[in-house]
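Q: Dropping a structure here in structure tokens format, bear with me for questions.
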Amino acid sequence: HTTPPPPLVSSTITADLICAAAALDARPFCCFSHPEIYQTNYAIVRSKMMEVEQPAEPGPARADRGATLTADASRLFRVYKTISAMLSKRGYMVSREMKEMTPVDFTQRFGEYPSREGLTILVEKADDETNQLFVFFPEDEKVGVKPIKILTDRMKDESVSNAILVLRGDITPFAKQAVLEMSDSFKIEHFKEAELLVDITEHTLVGSCDPAIFSFSSAFASSRLN
């Protein structure tokens, strides 16, 4: 019997990233019958989780390609890149500038201290220009009903019925209820910034297994992180 690895060091890391990797056909935790494949995948996913959980150092952070970003700007840059990839994979028209944006480009476009409102994105489907979607980055740490009303008013004015909210922290129960009540007119999804720091689909993991083992491995991964 292969001995499972020791528990991850941080109890604050959730199982979301691991299960997401598995759900996206990566199956990193299912290779108990092939330890060498299991260990390779385990290392890849764990390294990405540690990257997400790494506390930001005070002051500017050195980014790739020679740019120096503040900790907050670096975080927003990574989120912006993940959102761009998500939109492209959903069939929306994403400009080459967005797809290939570097930290230098990000700073030149949004400034050294970018405002979240300034990051707003409007895209349309490649096969239907009338099918548009907004991506909003609300400034509020916890988004309430009032910001939702302001954003939906803008969507109504511009005849856009789809939107994604990128949350700094969370959304209030009342705001969630408001989104549900408007679902006939507007389809609004929301993600936390922390969920968008890494695009797991960019990282290739090796190995495969049958669905029964895969199901067990996802449950095992969750239990190891709780």
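The values are calculated or read from the model by the stated rules, or taken from the named source; none is laboratory data. None of the values given here were measured: they were computed from a predicted structure. Note: ideal-geometry Cβ built from the backbone for every residue, glycine included; neighbour counts use all protein chains shown. These area figures cover heavy atoms from the full protein model, side chains too; ligands, DNA and RNA do not enter into them. Shrake-Rupley method; radii C 1.70, N 1.55, O 1.52, S 1.80 Å.
Q: Restricting attention to segment 167-190, which residues are out of contact with any His (no Cβ under 8 Å at 6 or more places or on another chain) and β-branched (Val, Ile, Thr)?
A: In the first step, residues of segment 167-190 are kept if they are out of contact with any His (no Cβ under 8 Å at 6 or more places or on another chain); the result is 168-170, 172-178, 180-190.
Listed by number, the residues that qualify are Thr172, Ile188.
Q: Which ones in segment 109-120 are open to solvent by 50 Å² or more (accessible area, probe 1.4 Å) and closer than 20 Å to Ile164 by Cα? So that I can check it myself, show each step before the final result.
A: We begin by selecting, within segment 109-120, every residue open to solvent by 50 Å² or more (accessible area, probe 1.4 Å); these are 109, 112-113, 115, 117.
Of everything in segment 109-120, those that are open to solvent by 50 Å² or more (accessible area, probe 1.4 Å) and closer than 20 Å to Ile164 by Cα turn out to be Ser115, Glu117.
Q: Taking segment 109-157 as the search range and keeping residues that are without any contact (Cβ under 8 Å) to a residue 24 or more places away in the chain and in a loop (DSSP other than H, G, I, E, B), which one is farthest from Tyr80 (Cα to Cα)?
A: Applying the filter and picking the extreme gives Gly111.
Q: Sticking with this structure for a sec: Considering only residues of segment 127-152 that are touching a strand residue (DSSP E or B) at 6+ places or on another chain (Cβ under 7 Å) and surrounded by fewer than 18 Cβ atoms within 10 Å (Cβ to Cβ), which is nearest to Ala73 (Cα to Cα)?
A: Applying the first criterion (touching a strand residue (DSSP E or B) at 6+ places or on another chain (Cβ under 7 Å)) to segment 127-152 yields 131-138, 142-143, 151.
After this cut, where a residue has to be surrounded by fewer than 18 Cβ atoms within 10 Å (Cβ to Cβ) as well, the list is 131, 142.
Values: Asn131: 30, Lys142: 19 Å.
Among those residues, the one meeting the criterion is Lys142.
Q: Here's something else I'd like to know. Name the single residue, out of those in segment 92-108 being surrounded by fewer than 19 Cβ atoms within 10 Å (Cβ to Cβ) and farther than 15 Å from Val135 by Cβ, that is farthest from the chain's Cα centre (by Cα).
A: If we take residues in segment 92-108 being surrounded by fewer than 19 Cβ atoms within 10 Å (Cβ to Cβ) and farther than 15 Å from Val135 by Cβ, then Gln108 is farthest from the chain's Cα centre (by Cα).
Q: Let me ask another. Would you check which residues across segment 159-178 are in a helix (DSSP H, G or I), open to solvent by 10 Å² or more (accessible area, probe 1.4 Å) and touching a Lys or Arg at 6+ places or on another chain (Cβ under 9 Å) and list them?
A: Listed by number, the list holds a single entry, Ala178.
Q: Looking at segment 158-196 only, could you name the residues that are touching a residue at least 60 places away in the same chain (Cβ under 8 Å), more than 22 Å from Thr130 (Cβ to Cβ) and hydrophobic (A, V, I, L, M, F, W, C)?
A: Narrowing segment 158-196 to residues touching a residue at least 60 places away in the same chain (Cβ under 8 Å): 164, 166, 193-196.
Subset that is more than 22 Å from Thr130 (Cβ to Cβ): 166, 193-196.
Selection gives Val166, Ala194, Leu196.
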